Amino acid sequence: MADLSPISSWTLADVQHFGRRAGFGLNPTDAASLQALAPGAAIDAWIDGTGTSYDATAFTADLGSADVVLEPLVTANIAVTGSVDVPAVAAPHAFLCQGADTWRNNLNTAQALWAWRMQHNPHAFEERLALFWHNLFATGWHKVDNTALMLKQIQLFRSQGLAKFDDLLVLVSKDPAMAIWLDSVLNYASGTNIPNENYAREVMELYSLGADNGYNQTDITQLARALSGWSFTFAEADYITNPTNPGQKYPANAHFKVYDGTSISPDTRVYWGGAATLSYNQHATGTISLFGQTLPVTDTTNGWAKGENAIRSIISQKGPNCAQFLAKRLLTHFVTAAYTAQDLTDLATFIQTSAFDLRVVLKALLKSNYFFSAANRYALVEGPVSWLVRAARMLCPTLTAAAAQTPRGFPAWRLVTNSATTFDQMGMKLLDPTGPNGWKEHAAWLNSNTMRYRTKAAAALALAEARSYNGVSYPLFPTFLTTDWFPVAPTTAQAVYDRLVALLQPGPLPAAVSSAWLTALWPTTFTWDATSQTKARELAFLILCSPAGQLY
C-alpha cells in the first residue's frame, strides 16, 4: 500500500531525491541548507514558493533582460502599449525574450524563454508543475499558431496548477489556446447546428476520466452542446503585427467569452479578428442529459459561465473515475511507474477525501513515506527537457552570477532550440506535442534516436561545444569549472568524480565503471591543471550520457 503519512526527518539523499522530482535538482550547498529545515515546513514552503531563497523581484528583473537568444537579431521594442517592433542594427545579445513576445510568433523563442525560466526560477516547483500540466493538457503551437496564447496557457498552469482540479479543468476549458487547439471555436449548437464534439470527447478521455471510463457517446454529444459557443475575444490594443509579415496579426491577449448573441464589450474583436459589437449566437439552449442527470445549459449559478456546470459535473458525478485518472498521472510523473493497484487506490481515495484540492494532494504526496521510499529512488527515466534543464542548473552559473557577468552568462537557449529540433529530437517538442494525448513518460522517453540527441545536448553543455549562426560560432552553455563546479580545487581524480556525482546525481553507477573512467582519463599522476579541467568536462559528459544519468 502507499503509505501517505509524512516523514518526520530527512537525509541529504532524501532532500536530493525531492529536489530532482519536485524541481530541477539542488546543488550540494542548497541541498544541505534545505536538509537543516524540518521536512514538513520546508516542503510546504517549496510548493507554495514562500522559501527564503525565492526572490521573486530579482528573478522578474532578470527575466526581462535575459539573453536567452545570444545571436544577432534585432532590438525588440516590446512596449506595454503594444507597439510594433522595429528592426534595428543587428547586434549580439540584443533580443530580449519577453513573456509577451508575440511579434515574432516563433516557437523556438517561446521554448527558449520557458527553458530559461525552468533553469533559473528560484520557485522551481512552479515550473515543474507547469511542465506536468503541459503534458496532461497537451496543446500544440503548430495549430494554435500564437506564442502569446501558448505562453498564456503555461502561465495559467503556474498560477492555478495547485487549485482544486475542477476549477483548473474549467479554466483550461476556457483557455484561448485550448479553444483553438481542440476546436471549441468551431463548436456551434444554436438552432439546428450539430455541435463540434472534439473538445467534449478529449476533456473526458484525455483530461479527466480516461478512455471509456464512465462516459459514452451520448455524454460526449451532450457535453459538446453545453460547451457550444465557448470562444474568446480580444481588444484592438492587443492586436500585434508581425514585422516579418506585416499582413499577419496575432492577438497578444485574449478573454474567454460564450458566444450567445450578447455584447462582446469591452473588447472589439472576435477570435478570428473580425470587428463586432455583438457575439454570434452559437450557444445551445434548453437542457442536456449528462451522466444520467438533466442540466440546463444556460445556468449561470455561482457566477459560472453558461455550460460550466456541465464541466464541473465530470468531477461531481464521476469523482471515483476522475480520482483514479489523476492518481495515475501524478504517480507516473512524481513517484514511480511501477505503482501497484493498491497504491493507485490509496492515492485516488486521498484525492477524493481532499475534495480534489491539488495543493493538499501534492503536499501530502511529496511529504509521504511512500514518495521517499528507497524503491522509488531513480525509479523513473527523466524527460528530456527536465534532464537538460537540471544539468544546466548544476553546471552553469547561478542566476545571480550569470546576471553579474559581462556579457551576461546565460545559456543561449534560443540556439539550443534553433529550428525547434533539439527538444523534439530528444523526444519532447516543448509547447508543440503532435496531438492532445501529449507524451508518454518513463521508459518511453528513451530509444536509440532520442539517446543520440541527448548525447549531442550533453556535449554542448559539458564539453562547451558551440553552434554556428550566420558564420559566427556561439557557445550554447557558459560553464566555469574552477568557480562553479569545484569551489575547492580537487586533489585526486576520485575527488573530481565525487564532486560531479554530487552535482549531476546520476543513478547508482557500478564501481567498476567509474574506476575505468578515471583510469582512462587520468592514467598517471593527478594534477589539477588546464588539462585536468578539460578531462573533468569529459567526465561530466560521460556521467550525463550513462544509463544511470537518465534516471532521477
Looking at (1) within 22 Å of Leu290 (Cα to Cα); (2) open to solvent by 10 Å² or more (accessible area, probe 1.4 Å), which one does Tyr207 not meet, given that it meets all the others? (2)
Any residue at all in segment 397-411 that is open to solvent by less than 20 Å² (accessible area, probe 1.4 Å), of a type in the set (Gly, Ala, Ser) and at pLDDT 85 or above? no
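Would you pick out the residues in segment 283-304 that are at positive phi and crowded, with 18+ Cβ neighbours inside 10 Å? Can you show your working first?
Of the residues in segment 283-304, the ones at positive phi are 286, 291-292, 302-303.
Within segment 283-304, just Phe291 meets the criteria.
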Anything in segment 469-497 that is surrounded by 11 or more Cβ atoms within 10 Å (Cβ to Cβ), modelled with pLDDT under 90 and part of a loop (DSSP other than H, G, I, E, B)? List them, or say none. Leu476, Phe477, Pro478, Thr479, Phe480
Let me confirm something: among Leu509, Leu542, which residue is surrounded by 14 or more Cβ atoms within 10 Å (Cβ to Cβ), in contact (Cβ under 8 Å) with a residue 12 or more places away in the chain, part of a loop (DSSP other than H, G, I, E, B) and more than 26 Å from the chain's Cα centre (by Cα)? Leu509
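With respect to Ala391, is the statement that it is under 26 Å from Leu500 (Cα atoms) and of a type in the set (A, V, I, L, M, F, W, C) true?
Yes.
Are any residues in segment 346-384 of a type in the set (Ser, Thr, Tyr) and either modelled with pLDDT under 95 or surrounded by fewer than 17 Cβ atoms within 10 Å (Cβ to Cβ) (or both), and if so, which ones? Before you say what the answer is, go through the steps one by one.
Of segment 346-384, the ones of a type in the set (Ser, Thr, Tyr) are 349, 353-354, 368, 370, 373, 378.
Within segment 346-384, Thr349, Thr353, Ser373 qualify.
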Taking segment 159-174 and the residues there that are closer than 26 Å to Thr262 by Cβ and in contact (Cβ under 8 Å) with a residue 24 or more places away in the chain, the one that is surrounded by the most Cβ atoms within 10 Å (Cβ to Cβ) would be Ser173
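What about Tyr199, is it at pLDDT 95 or above, open to solvent by less than 30 Å² (accessible area, probe 1.4 Å) and within 25 Å of Asn135 (Cβ to Cβ)? Break it down stepwise before answering.
On the way: at pLDDT 95 or above: yes; open to solvent by less than 30 Å² (accessible area, probe 1.4 Å): yes; within 25 Å of Asn135 (Cβ to Cβ): yes.
For Tyr199, the condition - at pLDDT 95 or above, open to solvent by less than 30 Å² (accessible area, probe 1.4 Å) and within 25 Å of Asn135 (Cβ to Cβ) - is met.
Please determine whether any residue of segment 213-236 is of a type in the set (Lys, Arg), at negative phi and surrounded by 20 or more Cβ atoms within 10 Å (Cβ to Cβ). Explain how you work it out, then say what you get.
If we filter segment 213-236 for residues that are of a type in the set (Lys, Arg), which is where we start, we get 225.
Filter once more, keeping what is at negative phi: 225.
Narrowing the set further to residues that are surrounded by 20 or more Cβ atoms within 10 Å (Cβ to Cβ) leaves 225.
Yes, there is a match, as at least one residue in segment 213-236 is of a type in the set (Lys, Arg), at negative phi and surrounded by 20 or more Cβ atoms within 10 Å (Cβ to Cβ).
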How many residues does segment 129-153 contain that are open to solvent by 10 Å² or more (accessible area, probe 1.4 Å) and assigned to a loop (DSSP other than H, G, I, E, B)? 1
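Being in a helix (DSSP H, G or I), of a type outside the set (S, T, N, Q) and modelled with pLDDT of 95 or more narrows it down to one residue among Ala61, Ala31; which is it? Full working, then the answer.
Numbers: Ala61 fails: modelled with pLDDT of 95 or more.
None of the other options fit; the residue is Ala31.
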So for segment 313-322 (the condition being over 20 Å from the mean Cα position of the chain (by Cα), more than 29 Å from Ser184 (Cβ to Cβ), open to solvent by less than 50 Å² (accessible area, probe 1.4 Å) and small (Gly, Ala, Ser)), does at least one residue qualify? no
Evaluate the following for Leu156: is it at pLDDT 95 or above, open to solvent by less than 10 Å² (accessible area, probe 1.4 Å) and not charged (D, E, K, R)? no
Can you say whether Ala520 is assigned to a helix (DSSP H, G or I), small (Gly, Ala, Ser) and within 25 Å of Gln119 (Cα to Cα), as far as the supplied structure shows? no
Every residue from segment 175-190 that is within 20 Å of Thr285 (Cα to Cα) and either touching a His at 6+ places or on another chain (Cβ under 6 Å) or touching a residue at least 24 places away in the same chain (Cβ under 8 Å) (or both): Ser184, Val185, Asn187, Tyr188, Ala189, Ser190
In segment 512-539, residue surrounded by the most Cβ atoms within 10 Å (Cβ to Cβ) [restricted to those that are over 21 Å from Arg454 (Cβ atoms) and of a type in the set (Val, Ile, Thr)]: Thr534
Does segment 323-345 hold any residues that are surrounded by fewer than 17 Cβ atoms within 10 Å (Cβ to Cβ) and assigned to a loop (DSSP other than H, G, I, E, B), and which are they? Ala337, Ala338, Thr340
Output the number of residues of segment 29-45 satisfying the condition of being buried (at least 16 other Cβ atoms within 10 Å of the Cβ) and closer than 16 Å to Ala364 by Cβ. 5
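The values are calculated or read from the model by the stated rules, or taken from the named source; none is laboratory data. Small disclaimer: the values here were computed from a predicted structure and weren't measured. Note that each Cβ is placed from the backbone with ideal geometry, even for glycine, and that neighbours are counted across all protein chains shown. For the accessible areas, the whole protein counts, side chains as well, though only heavy atoms, and no ligand, DNA or RNA atoms are used. Shrake-Rupley method; radii C 1.70, N 1.55, O 1.52, S 1.80 Å.
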